[in-house]
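Data block below; observations after.
None of the figures in this text is laboratory data; all of them are computed from the coordinates on show. Note that the structure is predicted; figures quoted are calculated from it, not measured. Cβ: placed from backbone, ideal geometry, glycine included. Neighbour counts: every protein chain shown.
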Amino acid sequence: MKLGVNIDHIAVLREARRIYDPNPLDALNICEKCGVDQITIHLREDRRHIQDSDALAIIKQSKLPVNLECAIESSMIDIACNLKPTRVTLVPEKRAEVTTEGGLSLYDNRLELAIDKLHENNIEVSLFIDPTNEAVERSKELGVEWIEFHTGLYANIYATLHTNIRNSHHAIKELDLSNQILEQKLQVELEKLDTLSKKANSIGLKVAAGHGLNYDNVNAIASLQYIEELNIGQSIIARSIWIGLENAINEMMAAMK
């Protein structure tokens, strides 16, 4: 199982004070030392964390492959083509959202144009999708190399079952259900991810997963045979505040095993 470390949240901390430190570029050597497989960054249209200069420096200096997440808006695709990361993961974006809330709309007229342009620039393409049969089949039709399943619902169910989130202001109203029902829903999500990743693999798509994965919930996802990569950021960076980034990455790799 490969691990892509998303270093956006280093830039979140920096941008909170509008200063130079901490610099996400400084994470590269630590990630390389730990045996991470990929660096992941999200260059959002509103530039709320990673900036253009960050993306340029990271892609230029990283010894690891770089997975650049971005929207399908034409100016973002132009930037991606100029930067030339190893992979571009196309994601939906809403200005008002705190973080990505779901998978792409796969029938957006701009999507095929974006994919074609990235391929013309020798950049492999991944689509960030909801775990549905239709999304897998449509991704294959669009001719991309990768899909990444949005694991947000799985993570939210797990958190509602196994943490104190119900009693916080982060409680998820839609999941105010009995533990028995939540256990069933969690199992359904895992089985769905297992079935769909197997199907995707059988039709020639490489499969990644990410969103909301942390030290407590990652093992079940990492155990799914046909998911070959996880992209994890917030939980690793949050943990690094207490124990340092190198130890936080090593703990995540251990949890995945």
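Values computed for the structure shown
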quantity	calculated
Value at 222 nm in deg cm²/dmol, rounded to 500, when DSSP H runs of n ≥ 4 in the chain each add -39,500 (n - 2.57)	-14500 deg cm²/dmol
Point-charge dipole on Cβ atoms (K/R +1, D/E -1) for the stretch 177-227, about Cα centre, debye to 20	260 debye
Among TYR154, ILE165, SER126 - extreme Cα towards positive end, dipole of the chain, charges at beta-carbon	ILE165
Ranking of SER53, SER235 by count of other Cβ atoms within 10 Å, fewest first	SER53, SER235
Within a Gaussian network of the chain (alpha carbon springs, distance under 10 Å), most fluctuating of ILE19, ILE79, ILE50	ILE19
Gain in span if fully extended, LEU177 to GLN225, counting 0.36 nm per residue against the direct Cα distance	14.3 nm
Selection from LEU83, VAL136, ILE115, by position along the positive dipole direction of the stretch 21-144 (Cβ)	LEU83
Candidates ASN122, ASN217, ASN67, ranked by Gaussian network fluctuation over the chain, Cα under 10 Å, top entry	ASN122
Total charge dipole magnitude, the chain, about the Cα centre, Cβ charges on Lys, Arg, Asp, Glu only, Debye to nearest 20	440 debye
Residue among THR132, THR40, THR89 with the largest mean-square fluctuation in a Gaussian network model of the chain, springs linking Cα atoms under 10 Å	THR132
Selection from GLN38, VAL207, ILE10, by position along the positive dipole direction of the chain (Cβ)	ILE10
The stretch 7-95 - charge dipole about Cα centre, Lys and Arg +1 at Cβ, Asp and Glu -1, debye rounded to 20	100 debye
Difference of contour (0.36 nm per residue) and Cα-Cα distance, ILE203 to ILE241	9.6 nm
